[in-house]
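What follows is one structure encoded as structure tokens, with my remarks underneath.
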Amino acid sequence: MSDAPDVRLTAWVHGHVQGVGFRWWTRARALELGLTGFAANKPDGRVEVVAQGPRGTCEQLLGLLEGGDTPGRVDKVIADWSDAREQITGFLER
């Protein structure tokens, strides 16, 4: 088990990702990986994904988001990395 501190991935997903089950799919993948956080629709059509956990596991989720097997159509994903912030319980759809 790693003693490395958890990280926070904030991913802005662009494309046709609202109204297609994308947040539900993201939540399911994150829970399978043991991550906490949320996926939220934004007014401009993007989905914001915030995930906290080990860096390698967050990278796995990022790979899934970029991988092409998502609901809808992902055109690009912009990722930002930071230290884990407040404690988040579970993974929510917002």
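Summed over region 1-17, residues that are surrounded by 15 or more Cβ atoms within 10 Å (Cβ to Cβ), without any contact (Cβ under 8 Å) to a residue 60 or more places away in the chain and either under 19 Å from R85 (Cβ atoms) or not aliphatic (A, V, I, L, M) (or both) total 0. Among the residues making up region 60-69, those that are surrounded by 14 or more Cβ atoms within 10 Å (Cβ to Cβ) and out of contact with any strand residue (DSSP E or B) (no Cβ under 8 Å at 6 or more places or on another chain) are Q60, L64. The residues of region 57-80 that are among the polar types (S, T, N, Q) and either closer than 18 Å to N41 by Cα or touching a residue at least 40 places away in the same chain (Cβ under 8 Å) (or both) amount to a single one, T70.
Of the residues making up region 58-88, just one is small (G, A, S), assigned to a loop (DSSP other than H, G, I, E, B) and touching a helix residue (DSSP H, G or I) at 6+ places or on another chain (Cβ under 6 Å), namely G72. Checked against (1) in contact with a Phe, Trp or Tyr (Cβ under 6 Å, 6 or more places away or on another chain); (2) under 13 Å from R94 (Cα atoms), L31 passes all but condition (2). Name the single residue that is farthest from W12 (Cα to Cα) among those in region 39-82 being at pLDDT 95 or above and of a type in the set (D, E). Selected residue: E59. The set of residues in region 24-59 that are buried (at least 23 other Cβ atoms within 10 Å of the Cβ) and within 16 Å of G72 (Cα to Cα) comprises T26, A39, V47, V49.
The values are calculated or read from the model by the stated rules, or taken from the named source; none is laboratory data. Not measured: the values here are computed from a predicted model. Every residue, glycine among them, receives a Cβ derived from its backbone with ideal geometry; neighbour counts consider all protein chains shown.
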